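Notes for the one structure printed next.
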Number of protein chains: 2
Amino acid sequence: MDAAEFRRRGREMVDYVADYLENIEQRPVYPDLEPGYLRPLIPAEAPLEPETFEDIMRDVERVIMPGVTHWQSPYFYAYFPAASSFPAMLADMLSGAIGCIGFSWAASPACTELETVMMDWLGRMLQLPECFIAETHGHGGGVIQGTASEATLMALLAARCKAIRRVQASSPETPEAEIFSKLVAYTSEQAHSSVERAALIGGVMMRKVPTDNSYAVRGDMLKKMLEEDKSAGLIPFYFCATLGTTPSCAFDRLTELGPICNEGNVWMHVDAAYAGSAFICPEFRPLLNGIEFANSFNFNPHKWLLVNFDCSAMWVKNRADIIGAFKVEPLYLKHENQESGLVTDYRHWQIPLGRRFRSLKMWFVFRMYGLNGLQSHIRKQVALAKEFESLVRADKRFEICAEVIMGLVCFRLKGSNERNQNLLKKIAKSREIHLVPCQLSGRFVLRFAVCARTTESRHIQQAWRHITQLTFELLQD
Amino acid sequence: MDAAEFRRRGREMVDYVADYLENIEQRPVYPDLEPGYLRPLIPAEAPLEPETFEDIMRDVERVIMPGVTHWQSPYFYAYFPAASSFPAMLADMLSGAIGCIGFSWAASPACTELETVMMDWLGRMLQLPECFIAETHGHGGGVIQGTASEATLMALLAARCKAIRRVQASSPETPEAEIFSKLVAYTSEQAHSSVERAALIGGVMMRKVPTDNSYAVRGDMLKKMLEEDKSAGLIPFYFCATLGTTPSCAFDRLTELGPICNEGNVWMHVDAAYAGSAFICPEFRPLLNGIEFANSFNFNPHKWLLVNFDCSAMWVKNRADIIGAFKVEPLYLKHENQESGLVTDYRHWQIPLGRRFRSLKMWFVFRMYGLNGLQSHIRKQVALAKEFESLVRADKRFEICAEVIMGLVCFRLKGSNERNQNLLKKIAKSREIHLVPCQLSGRFVLRFAVCARTTESRHIQQAWRHITQLTFELLQD
């Protein structure tokens, strides 16, 4: 395919994409097929000779679309949103064309520098303390990670390295392996599974901190565990707080937890993967109070800030902590500016070496929406969640299971878990809307997350009518 | 921006992309600017109100393009190629529109199933042993990782888990921390820096194996180190072999190394990040012989197989090894089909949780090029490297520093390292071509890698004329 054909096919693809998104409501949100459906539909081997673009696009409808869970459908209420917007898609086209791999400043200066400045823009939208802004002091700054899992892991690894060095400095006779084996990381029992996984990868113990009745970790609970573990000769070194937990969007109390971590030399990482986007609105910003105590902070614009996946925004207070943990410098990656102190080589900030030009997506989205447009998006989706909450509360058969603060509503039928499992099965089987469950205090709970950018009040009303209809059938049986 | 505007702006972007790639030779391949150039060119904060698409595209030329290292330019000979093709870009547009996050089968069945089948297609193109093909036995299979660094790390972590379990099974009284502290990983002294980094992340020792005079690891060298370390009470558990090293594209001898690893319970991971693409050509396939001994294998279609970044292809012989290492299953990620044994939940195979629909890129590229088209691309680039090699060999002032097997030529001016450093400085300053150095046997060497898809003989000839002109000036001084 040459550039001339690309011009033609590119236009066709732009139209296909626009058609897909304009008519997505007409597709069942969740596919109706069995595992292994795809293999029989296509050949067992790649073709020897080229096929045409028409052949492939026919197969997109025949093979792919029937198997897609339509995350961008306004009837998708599962997990958390996967952000999508036209400006982000346009920026991704440009990023693909430039096709640079931005592992160091020299590998593509624009790729690195736009990222640093976009992370400052975003940090300022959130009113992050100045210590996290690269422009201000040069000690802190931001980086785009692929996912929150990677941010959590990078923070844990940096904390591990820092803790080992600290203990070695004060007791040089202790072997590294012994220090390593005594390290303990902490997170909420409500934290995302990727936090536990980060500890497994890092080879350190992890303890789950119990939560209060709003599913939040409080200072006294963490303090008690830290003291117990220190008395037992262990070395607490890392606490991952969550703002907006996956099950119920609960908020750990940073203002209580931060001072405890700082006093105890425990790295505090704050994971606000979903909820972080809302902190651009002044009315939600108080939930981020206490961030000044954190060593690192992360949230996913690719969830709720209209920047297509992947774009996970991470800030560190002291870049030396994260860079110092894993700096390996072969000659083929060296460049003349790197020792100047002026440049950032982002490969030291992340697990992978290679990286795409992802900051273009942020730049396009921030400029084409403006801060006001982004705030409107957040507020609209929170209002839709509140609308759904009101519908649930008005129906005596149901109960709300956690305070509705952002775009997530946790609800259930009063009564047994089995009854709720049956309701969810009916919902899944109907394929009109898609949602997933969670567990709260031993109860099976339905999670209703407002996800698609195009979700409107009529979709919420329709979803609730559908749920109550299925409930009626269920209670009849 | 609504769908109607996206149709218009999408077309404009398609044209911008086509224009960029058609006229890329007219841009200096490497930017002429100082660190920190970008920040003064744009505002310090995001705008409150939306800006127009025209504003942004003007700034793409004003702010971004002057700071881009043009990896797709036919005058770019640095690092290794970053693959780019029109079919891959079209597929990425579709992937962005679908915007699904394929962490589990249920999260988007098509995303998971196309990936499994595409990895089988690719495995068959490489004539991988059947044990790596998912269709055949169901024990092995492939996964798309973001980068080779992540594949190396996942393999090391799986090997670490397997080794600890094995030792614990035979001596249950040994504490895990003690086993952990005795684990040793191995790789070539010529291996990529990301392998050393994987060991740092995994918290295990790593020893570098010396190479022969073709920069390859031989069986006897590894064997000697394993025996020494075992005698010292250590536990060798992981060896990362390289096919096509970054400095000089050397090939470790799998047929010698494989049996040694298998006998010693050492996980052999094979990293062919760059060279792997060439194994689709029968004439290069013998270099992969011995892969039947490997536990895992990885190469980057996003380097040399025309699939845009990111797409790193990894196969494992026994999927249970990699899945078992880090399986964490919260209720909100469970789905009804997962226990059937028929489905793949790729989140267990990788570091991140989220993942894009990347197999679409493979599908579009494999079908629109066909195997013959892909082989032609590899052969053409190898021929261009051979052409450059001939030019170097015909000039008595220069020497070739490693056998030219694929698209990389390592060469230098006879004489001091300083002389070669000065030549490279002149090349960098002129900004007509871009290449990076490496170190081989203590010598400073220039790496000339054929990178862009559109590189032709005339570019090679022009590059060499340019280098000899600068050499002439250098030797005059």
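The values are calculated or read from the model by the stated rules, or taken from the named source; none is laboratory data. Predicted, not measured: the structure shown is a model, and the values here were computed from it. Backbone-built Cβ (ideal geometry, glycine too); neighbour counts: all protein chains shown. When the accessible area is computed, the model is the full protein with side chains, heavy atoms only, and any ligands, DNA or RNA have been set aside. Shrake-Rupley method; radii C 1.70, N 1.55, O 1.52, S 1.80 Å.
Taking every protein chain into account, the 1.4 Å probe leaves A:MET119 with about 0 Å² of accessible area, to the nearest ten. So what's the convex hull volume per residue for the Cα atoms of the stretch A:100-356, in Å³? Convex hull of Cα atoms, per residue: 127 Å³.
Near B:VAL436, the amide H atoms lying under 5 Å from its own belong to B:TYR79, B:ARG447; only residues 5 or more places off or on other chains count, and H is placed 1.01 Å from N.
Rounded to the nearest 20, the size of the Cβ-charge dipole of the protein assembly as shown about its Cα centre is 480 debye, with Lys and Arg at +1 and Asp and Glu at -1.
Shown in residue order for the stretch B:264-271 are the 3J(HN,Hα) couplings computed by the Karplus curve 6.51 cos²θ - 1.76 cosθ + 1.60 at θ = phi - 60°: x, 6, 9, 5, 9, 9, 10, 9 Hz (x for Gly and Pro). Counting only residues at least eight positions apart within a chain, or on another chain, the lysines with an alpha carbon under 28 Å from that of A:LYS303 are A:LYS208, A:LYS317, A:LYS361, A:LYS380, A:LYS386, A:LYS425, A:LYS426, A:LYS429, B:LYS327, B:LYS334, B:LYS361.
Ellipsoid fit via the Cα gyration tensor, the stretch B:318-477: semi-axes of 47, 20, 14 Å, each the root of five times an eigenvalue, largest first.
If R0 is taken as 25 Å, the Cβ-Cβ distance between B:SER416 and B:ALA394 corresponds to a FRET efficiency of 0.65.
For chain A, averaging the sequence separation of C-alpha pairs within contact (under 8 Å, six or more residues apart) and dividing by the residue count gives a relative contact order of 22 percent. Counting, for every residue in A:173-185, the Cβ atoms of other protein chains within 10 Å of its Cβ and taking the mean gives 2.
Run through the stretch A:380-437 and list the GluC sites (Glu not before Pro) located in a DSSP loop whose Cβ has at most 15 other Cβ atoms within 10 Å.
Here the sparse-neighbourhood loop sites are A:GLU403.
For the stretch B:3-45, the Cα gyration tensor yields ellipsoid semi-axes of 27, 20, 5 Å (square root of five times each eigenvalue, largest first, whole Å).
What does the average come to when, for each residue of peptide A:107-119, you count the partner chain Cβ atoms lying within 10 Å of its Cβ?
Mean partner-chain Cβ count within 10 Å for A:107-119: 6.
What percent of all Cα-Cα pairs in chain B falls in each 10 Å bin, counting up from 0? Going from the shortest bin to the longest, the percentages are 4, 18, 26, 25, 18, 7, 1, 0. Shown here is the pair-distance distribution of the stretch B:3-84: with all Cα-Cα distances grouped in 5 Å bins from zero up to the longest one, the shares run 3, 11, 18, 20, 18, 16, 10, 4, 0 percent. Between A:GLN461 and B:GLU228, the modelled label-to-label distance comes to 7.8 nm, taking each label 7 Å out from Cα in the direction of the beta carbon.
Calculate the tail of P(r) for the stretch B:172-303: the fraction of all Cα-Cα distances greater than 26 Å, expressed in %. Each step should come with its number before you reach the end.
On the way: 1715 of 8646 pairs.
Summing the P(r) tail past 26 Å for the stretch B:172-303 gives 20 percent.
When B:GLU418 is represented by a point 7 angstrom out along its Cα-to-C-beta vector, the spacings to that point in the other copies are 8.7 nm, nearest first.
Heavy-atom accessible area buried between chains A and B is around 12600 Å² (1.4 Å probe, both sides summed). Dividing the Cα radius of gyration of the protein assembly as shown by 2.2 N^0.38 Å, with N the residue count, gives 0.91. Report, in order of residue number, the helices in chain A meeting two criteria: a C-alpha extent of 15 Å or more along the helix axis, and a mean Kyte-Doolittle hydropathy of at least 0.5; treat each whole DSSP H run as one helix. Within chain A the helices that satisfy the rule are A:86-98. Distance between the 7 Å Cα→Cβ label points at A:GLU34 and A:LEU200: 3.0 nm.
When the helices of chain B are scored as -39500 (n - 2.57) per DSSP H run of n ≥ 4 and the total is divided over every residue, the value at 222 nm lands at -13500 deg cm²/dmol. When the alpha carbon coordinates of the stretch A:251-333 are projected onto the principal axes, the ranges are 50, 38, 15 Å, largest first. For the stretch B:159-234, pairs of C-alpha atoms spaced more than 22 angstrom apart make up 30 percent of the total.
Expressed as a whole percent, the accessible surface of the protein assembly as shown that belongs to carbon and sulfur atoms is 50, based on a 1.4 Å probe.
Packing order of peptides B:231-241, A:163-173, highest average first: B:231-241, A:163-173 (average count of other Cβ atoms within 10 Å over each peptide's residues). When the alpha carbon gyration tensor of the stretch A:350-416 is reduced to an equivalent ellipsoid, the three semi-axes, largest first, read 37, 18, 7 Å.
The share of Cα pairs per 10 Å bin across the stretch B:61-220, counted from zero up to the longest distance, runs 8, 21, 31, 27, 11, 2, 0 percent. Of all DSSP-defined beta bridges confined to the protein assembly as shown, some 55% are antiparallel rather than parallel. DSSP assigns beta bridges within chain A; of those with both partners inside it, close to 55 percent run antiparallel.
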